[in-house]
Amino acid sequence: MEFFTDTFGLWSLFGSAFVSATLAPGGSEVVLAYLVSRSELSPEVLLLTATSGNTLGAVTTWLLGFLTAMKYPAERVAEPRRQKAIASVRKWGLPILLFSWLPVVGDGFCFAAGWLRLPFWLSVLVIAAGKALRYAAIVYAFV
């Protein structure tokens, strides 16, 4: 029974982290905090699971931006919120992706990075680093 509970907990955390990093709202921090404080799973496994799911969700958003750029170049963006995200990514480049975990604007940074065709693997690396640091702080707070 413990295997089932642990497996379900990991998949729930991964799914919550993935959805939280796409354009849909989510609350993976709560799931992580609960599992860290109540689960028999190691904090390292939980950290890796949350970071992986959240990074893959952000990569999905990056890819959506990349695909959108094929039909709508960044120069033709009319929506002010997207213009702001694009301007921030243009100004700060890859380092802004360290903040891709921020609510609301983080998704915009990932989308804009794809739209502006920032280097894919470097984007993934920086996104993963930012997300790992955020989740590490949560794990540390609840161990």
task: Select the helices (runs of 4 or more DSSP H) contained entirely in region 49-143, then report the ones holding at least 3 residues which are modelled with pLDDT under 95 and within 15 Å of SER20 (Cα to Cα).
output: 105-115
- request: Would you mind stating whether LEU13 is modelled with pLDDT of 85 or more and touching a Ser or Thr at 6+ places or on another chain (Cβ under 7 Å)?
  value: yes
- request: Could you tell me whether any residue of region 21-33 is within 20 Å of ALA137 (Cα to Cα), at pLDDT 90 or above and either more than 18 Å from the chain's Cα centre (by Cα) or β-branched (Val, Ile, Thr) (or both)?
  value: yes
- prompt: If you go through region 117-143, how many residues are more than 18 Å from LEU56 (Cβ to Cβ), hydrophobic (A, V, I, L, M, F, W, C) and in contact with a Phe, Trp or Tyr (Cβ under 9 Å, 6 or more places away or on another chain)?
  reply: 1
task: Could you tell me whether VAL36 is more than 19 Å from the chain's Cα centre (by Cα), at pLDDT 90 or above and of a type outside the set (S, T, N, Q)?
output: yes
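The values are calculated or read from the model by the stated rules, or taken from the named source; none is laboratory data. Everything numeric in this text was worked out from a predicted model, so none of it was measured. No Cβ is skipped: glycine too gets one built from the backbone with ideal geometry, and neighbour counts run over all protein chains shown.
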